[in-house]
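Asker: Before we start, here is the structure in question, set down as structure tokens.
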Amino acid sequence: MRVMVIVKASKHSEAGAMPSAELLQAMGKFNEELVAAGVMQAGEGLKPSSQGVRVRFSGDQRTVIDGPFTETKELIAGYWIWKVDSMQEAIDWLKRCPCPTEGEESDVEIRPIFETEDFAEQDPTGEIREAEHRLRDELERGQ
């Protein structure tokens, strides 16, 4: 199974505070362990919401809303994509992670990612899943 591990933003990350060299080293070591174990597929830190935008969809209308966004507890400071055998394995890995926010409590969420097979009932002919597999293959070849 694949999961997205979501590091929630904090006041410091939203203020644009950069992590210390010690935290960067600790996270680098943790990432190396994830890669060596074949768990990590992707992962990045995100810049503060002040540098982002939201696009609100309402029927045919699209409205662009510039950051920053005030509800820090709902914002994301970074993420990983992990391939694990179970939710428990993801939890076990995350418990080994350095605290991503120095001097603050930190919430990190683990969410399973839908796989094309999860949509089999909505795609009885397999046509949509086949197209999805082709797109994934094309993405992998391009990297």
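The values are calculated or read from the model by the stated rules, or taken from the named source; none is laboratory data. In this text the structure is predicted, and so the values were computed from the model without any measurement. Because the Cβ atoms are built from the backbone with ideal geometry, glycine has one as well, and the counts that use them run over all protein chains shown. Just the protein is used for accessible areas: all its heavy atoms, side chains included, with ligands, DNA and RNA removed. Shrake-Rupley method; radii C 1.70, N 1.55, O 1.52, S 1.80 Å.
Asker: Against the conditions (1) at pLDDT below 90; (2) surrounded by 10 or more Cβ atoms within 10 Å (Cβ to Cβ); (3) of a type outside the set (G, A, S), where does Q143 fall short? Just the number, please.
Answerer: Evaluating Q143 over (1) at pLDDT below 90; (2) surrounded by 10 or more Cβ atoms within 10 Å (Cβ to Cβ); (3) of a type outside the set (G, A, S) leaves (2) as the failure.
Asker: Restricting to the stretch 36-77, name every residue that is of a type outside the set (G, A, S), open to solvent by less than 60 Å² (accessible area, probe 1.4 Å) and over 18 Å from the mean Cα position of the chain (by Cα).
Answerer: Residues satisfying the conditions are I65, F69.
Asker: Does the stretch 90-97 contain at least one residue that is touching a residue at least 24 places away in the same chain (Cβ under 8 Å) and closer than 18 Å to P19 by Cα?
Answerer: Within the stretch 90-97 (the criterion being touching a residue at least 24 places away in the same chain (Cβ under 8 Å) and closer than 18 Å to P19 by Cα), the answer is yes, since at least one residue qualifies.
Asker: Another question, then. Looking at (1) open to solvent by less than 60 Å² (accessible area, probe 1.4 Å); (2) touching a residue at least 40 places away in the same chain (Cβ under 8 Å), find the lone condition where T116 falls short.
Answerer: (2)
Asker: On to the next question. Being touching a residue at least 24 places away in the same chain (Cβ under 8 Å) and among the polar types (S, T, N, Q) is the filter; apply it to the stretch 1-30 and report the residue that is surrounded by the most Cβ atoms within 10 Å (Cβ to Cβ).
Answerer: The selected residue is S13.
Asker: If we scan the stretch 58-69, do we find a residue that is aromatic (F, W, Y) and touching a residue at least 24 places away in the same chain (Cβ under 8 Å)?
Answerer: Among the residues of the stretch 58-69, not one is aromatic (F, W, Y) and touching a residue at least 24 places away in the same chain (Cβ under 8 Å), which makes the answer no.
Asker: Do you know which residues across the stretch 90-103 are out of contact with any Ser or Thr (no Cβ under 8 Å at 6 or more places or on another chain) and open to solvent by 50 Å² or more (accessible area, probe 1.4 Å)?
Answerer: I91, D92, K95, R96, G103 - these are the residues of the stretch 90-103 that are out of contact with any Ser or Thr (no Cβ under 8 Å at 6 or more places or on another chain) and open to solvent by 50 Å² or more (accessible area, probe 1.4 Å).
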